[in-house]
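The values are calculated or read from the model by the stated rules, or taken from the named source; none is laboratory data. Here the structure is a predicted model, which means the values were calculated and not measured. Using ideal geometry, Cβ is built from the backbone for each residue, glycine included, and neighbour counts are taken over all protein chains shown.
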Amino acid sequence: MIIKMSSAASDAEIAHVVERVKECGCQPNISRGVEYIIIGAVGSPDMRIQLEALRAAPGVEDVIPITHPFKLVSRQYKQGRSVVRVGPVSIGDGEVVVIAGPCSVESRAQLLLTAHAVRDAGANMLRGGAYKPRTSPYDFQGLGVEGLQFLKMAREETGLPVVTEVLSTEDVEIVAEYADMLQVGARNMQNFSLLRCLAKLQRPILLKRGPSATIKEWLLAAEYLLAGGNSDVVLCERGIKTFETETRNTLDLSAVALAKELSHLPVIVDPSHATGRRSLVPSLSKAAIAVGADGLIIEVHPEPERALSDGPQSLDLEGFATLMRHLEEPAAKLARTDAVAA
């Protein structure tokens, strides 16, 4: 339920409603807008009648049921767009944020070379995997803590905030020590123990959509984070499994537009994993911006043919610089303006 407070509601009246929501066995979540204060009451549907009775409480303008199963993520709860800040970078404020870097942190030299190159080309953040979930147990699994230390060095040298994946609850504390933003990978989207742990963390979270997840399941995974207390969540569409075999996954651009319609959270796109082909990354990056994506996360490697993971989908340094120049062209800006206006 959403309890809409009057614009003239006093602090005492707001506090009274919050207390009544708790008495009903629900969790109150306060959202302060420009004109109104919204109190979201999350809990058992059995409390609906008691919550609707709050229409009679002083300072309450209306009580509105939330029709979606994802409550705090819903645009019904928060009509304005959320902006997630990662260090000096803001995601969701209308500017397209580009996160770039290697799939895996392979060495200090490889990471620093890539970090300086993507920064000079215009990237806003650095990505790199220190812990890698691989389909085969024999594939490169990442450098672990050493990789995190290299990421910290790269941030100190370039000023780029760092996002890296966390695989398990046991790794959350150490990854949070080094990363500015923690990524929940596609395979972990419904790892509810991990989500509950990250919900208690004061770090922004990048939540990738699972390869077989519906949009509702994706948004409900985000709900775990918000319901647990972490509202700094960015959604990432990275392609889904279909019958197509020519690409690694199928980029679901409709999911980007629909997620922004249903939710107030920022949405970015990963064209690298969505295609598995570096030749398609530039075109799908532009397409993602055209449908309103708030950013891109792109894999970049100095020598893709030598990459220990995901070489075929990684741009080289020159290719990434060329892409960044193309994203600044008037046509790309026009597409972005039209998408935002729509």
The helices (runs of 4 or more DSSP H) lying entirely within region 88-188 that contain at least 2 residues which are within 27 Å of Leu327 (Cα to Cα) and modelled with pLDDT of 95 or more are 108-121, 145-158
Output the number of the condition that Ser231 fails; it satisfies all remaining conditions of (1) in contact with a helix residue (DSSP H, G or I) (Cβ under 6 Å, 6 or more places away or on another chain); (2) closer than 13 Å to Val84 by Cβ; (3) part of a loop (DSSP other than H, G, I, E, B).
(1)
For Lys241, the lone unmet condition from (1) crowded, with 24+ Cβ neighbours inside 10 Å; (2) in contact with a Ser or Thr (Cβ under 6 Å, 6 or more places away or on another chain); (3) charged (D, E, K, R) is (1)
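For region 251-279, enumerate the residues that are more than 30 Å from Lys78 (Cβ to Cβ), touching a residue at least 24 places away in the same chain (Cβ under 8 Å) and either surrounded by fewer than 19 Cβ atoms within 10 Å (Cβ to Cβ) or not assigned by TED's automatic domain parsing to the domain that holds Val89 (or both). Spell out the reasoning first.
Our first condition is that a residue be more than 30 Å from Lys78 (Cβ to Cβ); within region 251-279, this holds for 272, 275-279.
Among the residues that remain, those that are also touching a residue at least 24 places away in the same chain (Cβ under 8 Å) are: 272, 275-278.
Gly276, Arg277 - these are the residues of region 251-279 that are more than 30 Å from Lys78 (Cβ to Cβ), touching a residue at least 24 places away in the same chain (Cβ under 8 Å) and either surrounded by fewer than 19 Cβ atoms within 10 Å (Cβ to Cβ) or not assigned by TED's automatic domain parsing to the domain that holds Val89 (or both).
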Give me the residue from region 196-215 that is of a type in the set (Gly, Ala, Ser) and either assigned to a strand (DSSP E or B) or within 15 Å of the chain's Cα centre (by Cα) (or both) and, out of that set, farthest from Val162 (Cα to Cα).
Gly210
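For the subset of region 108-120 comprising residues that are of a type outside the set (Lys, Arg) and surrounded by fewer than 19 Cβ atoms within 10 Å (Cβ to Cβ), which member is farthest from Leu315 (Cα to Cα)? Walk me through it before giving the result.
Of region 108-120, the ones of a type outside the set (Lys, Arg) are 109-118, 120.
Still in the list and also surrounded by fewer than 19 Cβ atoms within 10 Å (Cβ to Cβ): 109, 112-113, 116, 120.
Working: Ala109: 18, Leu112: 16, Leu113: 14, His116: 15, Asp120: 15 Å.
Looking at residues that are of a type outside the set (Lys, Arg) and surrounded by fewer than 19 Cβ atoms within 10 Å (Cβ to Cβ), I get Ala109.
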Region 311-337 residues that are aromatic (Phe, Trp, Tyr), paired with ones that are surrounded by 14 or more Cβ atoms within 10 Å (Cβ to Cβ) and at pLDDT 90 or above (beta carbon under 7 Å, 6 or more apart)
Phe320/Ala100; Phe320/Val118; Phe320/Ala121; Phe320/Ile298; Phe320/Val300
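Could you grab me the full set of residues in region 13-48 that are in a loop (DSSP other than H, G, I, E, B), farther than 16 Å from Asp62 by Cα and within 31 Å of the chain's Cα centre (by Cα)? Can you show your working first?
Step one: list which residues in region 13-48 are in a loop (DSSP other than H, G, I, E, B), which gives 24-26, 33-36, 43-44.
Pick out the ones that are also farther than 16 Å from Asp62 by Cα and you get 24-26, 34, 43-44.
Scanning region 13-48 gives Gly25, Cys26, Val34, Gly43, Ser44.
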So, of the residues in region 265-279 that are of a type outside the set (A, V, I, L, M) and part of a loop (DSSP other than H, G, I, E, B), which turns out to be nearest to Leu206 (Cα to Cα)?
Pro266
Considering only region 314-325, I want to know if a residue exists there that is at pLDDT below 95, touching a strand residue (DSSP E or B) at 6+ places or on another chain (Cβ under 8 Å), acidic (Asp, Glu) and not in a strand (DSSP E or B).
no
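Determine whether region 295-313 contains at least one residue that is small (Gly, Ala, Ser), under 21 Å from the mean Cα position of the chain (by Cα) and at pLDDT 95 or above. I'd like the intermediate steps shown before the answer.
The initial filter retains those residues of region 295-313 that are small (Gly, Ala, Ser), namely 295, 307, 309, 311.
Keeping just the survivors that are under 21 Å from the mean Cα position of the chain (by Cα) gives 295.
From the residues that got through so far, the ones that are at pLDDT 95 or above too are 295.
Yes, that holds for at least one residue.
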Mind telling me which of the residues Pro282, Pro302 ends up being part of a loop (DSSP other than H, G, I, E, B), closer than 19 Å to Thr322 by Cα and in contact with a helix residue (DSSP H, G or I) (Cβ under 6 Å, 6 or more places away or on another chain)?
Pro302
Within region 92-107, tally of residues that are over 18 Å from the mean Cα position of the chain (by Cα) and either closer than 21 Å to Val166 by Cβ or buried (at least 20 other Cβ atoms within 10 Å of the Cβ) (or both):
4
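Okay, residues lined up against (1) more than 30 Å from Ala179 (Cβ to Cβ); (2) among the small types (Gly, Ala, Ser); (3) outside the structural domain of Thr158 (by TED's automatic domain parsing):
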residue	(1), (2), (3)
Ile30	no, no, yes
Tyr36	yes, no, yes
Ala41	yes, yes, yes
Lys78	no, no, yes
Gln110	no, no, no
